[in-house]
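Everything on this sheet refers to the single structure shown next.
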Amino acid sequence: MMERFLQQSVDAEEKFYKYEEQRLQIEDKRREAEHTREMQMLQMLGQMLNGLSSASQMTAPSRSSPSHKANLRNYPDSLHLNHSTFSPPIVLERPFSLRPTRPAKDMENIFQLVRNVIPPMTSKKHKGQDGKIGIIGGCKEYTGAPYFAAITALKVGADLSQVFCTKDAATVIKSYSPELIVHPVLDHPNAVSEVDKWLPRLHTLVIGPGMGREDAILDNAKGIIEKAKSKGLPIVIDADGLWLIAQQPSIIQGYQRAVLTPNFMEFSRLYEAMLSEPVETSDQHGSVLRLSQAMGNITIIQKGERDLISDGDKVLVCSHEGSSRRCGGQGDLLAGSLGVLVHWALLAGPEKINAQNPFLVAAFGACSLTRQCNHQAFQKYGRSMTTSDMISEVGTAFNKLFET
Ligand SMILES: NC(=O)C1=CN([C@@H]2O[C@H](COP(=O)(O)OP(=O)(O)OC[C@H]3O[C@@H](n4cnc5c(N)ncnc54)[C@H](O)[C@@H]3O)[C@@H](O)[C@H]2O)[C@@H](O)CC1
Ligand SMILES: Nc1ncnc2c1ncn2[C@@H]1O[C@H](COP(=O)(O)OP(=O)(O)OP(=O)(O)O)[C@@H](O)[C@H]1O
């Protein structure tokens, strides 16, 4: 009886997703047609301008296109993106508000894509299926950051969160929470092979929160990134992981199964390292687009008043209402939730996300969630709000955004 009931709810859910898929496909076709019309008009305009001045020429930035398909592990063919090599980059403004009067249709569509990737809750699953996330970080000075990232991953819905930190940090992190699995290996002489043993049992790696910047640890992080890349493991890089990338961008350049999450300072360092000039602050969209292209179309989230998300082809803007409180650790919450959403977006496959880039969908979801947690916690605690208060809001914020 119970089984039949469960089967019926699974069937109903599948029907719902099918219907949603069809609706999104129709919407996508409509937008493609609109886009084609706009391109034709632009071409006509270009021809007219050419007639006026023979010197003028329309150029479109070209994408470097390293294989999207390298090392896909067991995921569906989710990185086969519908990019046209010569089409100009699309810049999409997607302000987000829960207020019914403002939602832009495009924004609601991408939001629906995030909802589509959330795995259904059924009694048929075993531990681990909804996500096993590894956090590389945590040293003597910083024990909070890896904890924030790891506990957030669990609260978003991952089944297991494992922290790989230095020996000094392990007991401290463990004492914050019995839910976390903590490995004191990051300053071990065989750190890379110690972590490598665990990689086949993980779905995503989050590298950097509270990792510190000691040369030996950065070297180990580099080795771990190389091992993860060779296994096709999705990687989120934040904080001190970004410090490492700014010194040696080639470690991650062209690996499109990575997301970088720089704050303004981290973004500036990366930008200068890659483009040998200061960030153009008056053109934030252009800057994030250019940096992603220079990195080989890796997804980049530039965090700030508005989060700008780009894969070098599109720019999404998440300006979901947060608050004016900027306590440390909010970026760790973002990194942990992103680790889970990246796994879910890849697992869902291209049909569920309308053949969009799964890393963009996951990034948009994680930014919206972080900002919603910030908003809710600020309503309760105002100036005294801390990141732990935000983490307490993950469950309700997630339900409000994605499950109602
Ligand atoms: N409780 C903890 O253990 C925490 C540890 N953290 C760790 O601390 C380490 C260092 O992180 P930092 O972020 O300080 O590293 P950085 O050395 O990159 O410092 C960035 C600095 O830029 C400033 N900044 C940020 N946005 C800016 C903007 N828009 N304009 C101007 N200045 C801006 C910040 O005040 C910060 O001092 C990392 O390992 C990080 O993970 C942080 O995650 C915070 C919480
Ligand atoms: N001015 C702002 N207004 C609203 N939200 C913001 C603002 N700045 C950042 N955020 C939000 O806070 C999240 C974390 O960004 P932040 O810049 O604090 O990261 P960080 O400095 O890396 O954090 P951490 O303290 O964990 O190292 C971002 O995803 C963004 O959504």
| query | Given the C-alpha centroids of the stretch 241-299 and the stretch 358-383, what is the distance between them in whole angstrom? | reply | 23
| note | Honestly the stretch 222-360 on the Cα gyration tensor test (a ≥ b ≥ c root eigenvalues; a/c under 1.5 rounded, otherwise a/b vs b/c for prolate or oblate) is just rounded
| task | Just flag the GluC sites (Glu not before Pro) in the stretch 340-404 sitting in loop per DSSP whose Cβ has no more than 11 other Cβ atoms within 10 Å. | result | 403
| How large is ³J(HN,Hα), in whole Hz, for each residue of the stretch 392-404 in order, when computed from phi with the Karplus curve 6.51 cos²θ - 1.76 cosθ + 1.60 and θ = phi - 60°, using x for Gly and Pro? | 5, 8, 4, x, 6, 4, 4, 4, 4, 7, 10, 10, 10
| Positive-end residue of 186, 128, 282, charge dipole of the stretch 127-398 with Cβ unit charges | 128
| task | May I ask you to order 221-227, 331-337, 238-244 by the average number of other C-beta atoms within 10 Å around their residues, highest value first? | result | 331-337, 238-244, 221-227
| request: Output ³J(HN,Hα) for the stretch 292-306: one whole-Hz value per residue in order, computed from phi by the Karplus curve 6.51 cos²θ - 1.76 cosθ + 1.60 with θ = phi - 60°, and x for Gly and Pro. | output: 4, 4, 5, 7, x, 6, 6, 6, 10, 10, 8, 7, x, 3, 10
| query | In whole percent, what relative contact order does the stretch 296-380 give with Cα contacts below 8 Å and a gap of six or more residues? | reply | 32
| request: Would you count, across the stretch 189-321, every pair of lysines whose alpha carbons are under 23 angstrom apart, provided the pair is eight or more residues apart or spans two chains? | output: 6
| note | Mean separation of Cα contacts under 8 Å (at least 6 apart) over the residue count of the stretch 127-398, i.e. the relative contact order in percent, is 17
| remark: Listed by chain and number, the residues whose amide H is under 5 Å from that of residue 212, excluding neighbours fewer than 5 places away on the same chain and using placed H, are 138, 240
| Is the shape of the stretch 127-398 rounded, prolate or oblate, going by the alpha carbon gyration tensor and its root eigenvalues a ≥ b ≥ c, with a/c under 1.5 for rounded and a/b larger than b/c for prolate? | rounded
| request: Run the accessible area of the stretch 312-404 with a 1.4 Å probe and give the carbon-and-sulfur part as a rounded percent. | output: 47
| message | Skipping prolines and chain starts, which residues have an amide H placed within reach, meaning under 5 Å, of the one on residue 182, given they are 5 or more residues away or on another chain? | response | 163
| said: Once ligands and nucleic acids are excluded and a 1.4 Å probe is used, how much of residue 181 is accessible, expressed in Å² to the nearest 10? | reply: 60
| task | Collect residues whose amide H, placed 1.01 Å from N in the peptide plane, falls under 5 Å from the amide H of residue 236; neighbours closer than 5 in sequence don't count. | result | 205, 206, 207, 259
| field | Pair residue 247, residue 392: separation of 7 Å Cα→Cβ label points (nm) | value | 3.9
| message | For the stretch 127-398, give me the percentage of DSSP beta bridges that are antiparallel, rounded to the nearest 5 percent. | response | 25
| remark: Distribution output for the stretch 282-390: share of Cα-Cα pairs per 5 Å bin in percent, first bin at 0, values 2, 13, 21, 21, 19, 13, 8, 3, 0
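The values are calculated or read from the model by the stated rules, or taken from the named source; none is laboratory data. Given the structure is predicted, the values throughout are model-derived calculations rather than measurements. All Cβ positions, even for glycine, are placed from backbone atoms using ideal geometry, and neighbour counts span all protein chains on display. The accessibility values were calculated without ligands, DNA or RNA, using every heavy atom of the protein model including side chains. Shrake-Rupley method; radii C 1.70, N 1.55, O 1.52, S 1.80 Å.
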